[in-house]
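Visitor: After the structure tokens below, expect a handful of questions from me.
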Amino acid sequence: MRNEKTSSGSVAKIASALHQVQGQLTAVSRSSEGYNYKFADLASCWDSVRQPMADAGLALIQTTYVTEQGENVLVTTLLHTSGEWISGELLVRPVKADPQSLGSSLSYARRYGMMGMLGISASDDDGAAASKPATKAAAREPNTKLREQYKALWRRCLKAGIDPRELETIAPDSTDDEIMEAGMHNRTLLNAVENPEGS
């Protein structure tokens with residue numbers, strides 16, 4: 001990727017400010033639904049961090065650039081009023097070569113870029129589910145549906161001739177987010193095989 005330097009010369013002040021912010025932040029509520037699971041959308045992430053960041057003199061910006069190979073890269077930069085900064089990059093690979101897929105992939109990448117930069121995560125519980133313990137069967141139901149979708153995608157990848165060693169695997173205790181990330185990676189590989197001219 002393009003940016004080799006990932007921080008300013010000194011990070012003492014921004015590290016202190018980030019320490020202050022992380023002491024105030026809690027897990028972001030998973031308030032949006034899609035593909036039979038709940039997730040913390042970009043707006044929820046911003047709502048949870050905006051004021052603590054402002055109080056600590058921090059700002060976060062996210063920009064993109066396109067590599068020589070035509071791939072989109074998201075750049076997440078955390079800035080401090082002292083002028084210090086920390087930056088990270090994430091390759092964005094849409095499932096399809098169309099604006100809607102690119103927009104979805106960018107939103108996904110922006111969410112995880114922000115959460116990774118600030119060291120926050122999405123809560124495991126949401127709404128009514130948090131008010132009482134879920135039964136083992138109920139707690140696993142969304143995960144089971146997601147796993148079925150993942151397995152179906154895996155079979156399509158193998159049928160398309162993709163080397164299994166290139167595919168992202170999941171474990172029995174993988175979270176919904178981990179399954180979605182693995183599925184996104186595998187779907188990108190499948191899309192490249194099925195639509196080589198459109199990628």
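Visitor: Ordered by residue, what ³J(HN,Hα) values in Hz, to whole numbers, does the stretch 161-172 give under the Karplus form 6.51 cos²θ - 1.76 cosθ + 1.60, where θ = phi - 60° and Gly and Pro are x?
Guide: x, 6, 4, x, 5, 8, 7, 7, 9, 10, 10, x
Visitor: Next question. Multiply the residue separation of GLN149 and ALA54 by 0.36 nm, subtract the distance between their alpha-carbon atoms, and state the gained length in nm to one decimal. Walk me through the numbers on the way to the answer.
Guide: Numbers: separation 95, 0.36 × 95 = 34.20 nm, distance 4.04 nm.
Between GLN149 and ALA54, full extension yields an extra 30.2 nm.
Visitor: Further question on the same structure: Beyond a 30 Å Cα-Cα separation, which of these cross-linked pairs lie in this structure: LYS96/LYS159; LYS5/LYS159; LYS13/LYS96?
Guide: Numbers: LYS96/LYS159 19 Å; LYS5/LYS159 41 Å; LYS13/LYS96 42 Å.
The pairs that break the limit, which is 30 Å between Cα atoms, are LYS5/LYS159; LYS13/LYS96.
Visitor: Quick one: which residues, 5+ away or cross-chain, put their amide H under 5 Å from the amide H of SER7? H built at 1.01 Å from N.
Guide: Distant-sequence amide H within range of SER7: SER87.
Visitor: Can you pull the one-decimal nm distance between simple spin-label points at SER10 and GLU181, each 7 Å off the Cα toward Cβ?
Guide: 3.4 nm
Visitor: Which ³J(HN,Hα) values, rounded to whole Hz and listed in residue order, are derived for the stretch 66-82 from phi using the Karplus coefficients 6.51, -1.76 and 1.60 in 6.51 cos²θ - 1.76 cosθ + 1.60 with θ = phi - 60°, glycine and proline given as x?
Guide: For the stretch 66-82, the Karplus-derived couplings read 10, 6, 4, 7, x, 9, 8, 10, 9, 10, 9, 10, 9, 10, 10, 4, 6 Hz, x marking Gly and Pro.
Visitor: Roughly speaking, what is the stretch gain from THR67 to LEU167, that is 0.36 nm per residue apart minus the C-alpha to C-alpha distance, in nm to one decimal? Display every interim value, and only then the final one.
Guide: Working: separation 100, 0.36 × 100 = 36.00 nm, distance 2.33 nm.
Full-extension gain reported as 33.7 nm.
Visitor: 5 Å is the cut-off here: which amide hydrogens, built 1.01 Å from N in the peptide plane, fall below it relative to ILE170, excluding neighbours closer than 5 in sequence?
Guide: none
Visitor: What is the set of long-range amide H partners of GLU84 at a cut-off below 5 Å, with H atoms built 1.01 Å from backbone N?
Guide: When sequence neighbours closer than 5 places are left aside, there are no close amide H contacts.
Visitor: Grab the Cα-Cα distance for ASN195 and GLN20, subtract it from 0.36 nm times how many residues apart they are, and report the gain in nm with one decimal. Walk me through the numbers on the way to the answer.
Guide: On the way: separation 175, 0.36 × 175 = 63.00 nm, distance 4.72 nm.
Using 0.36 nm per residue and subtracting the Cα-Cα distance, I get 58.3 nm.
The numbers here are math on the coordinates, done by the rules we state, and not lab data. Quick caveat: nothing in here was measured; it's all calculated off a predicted structure. Note that each Cβ is placed from the backbone with ideal geometry, even for glycine, and that neighbours are counted across all protein chains shown.
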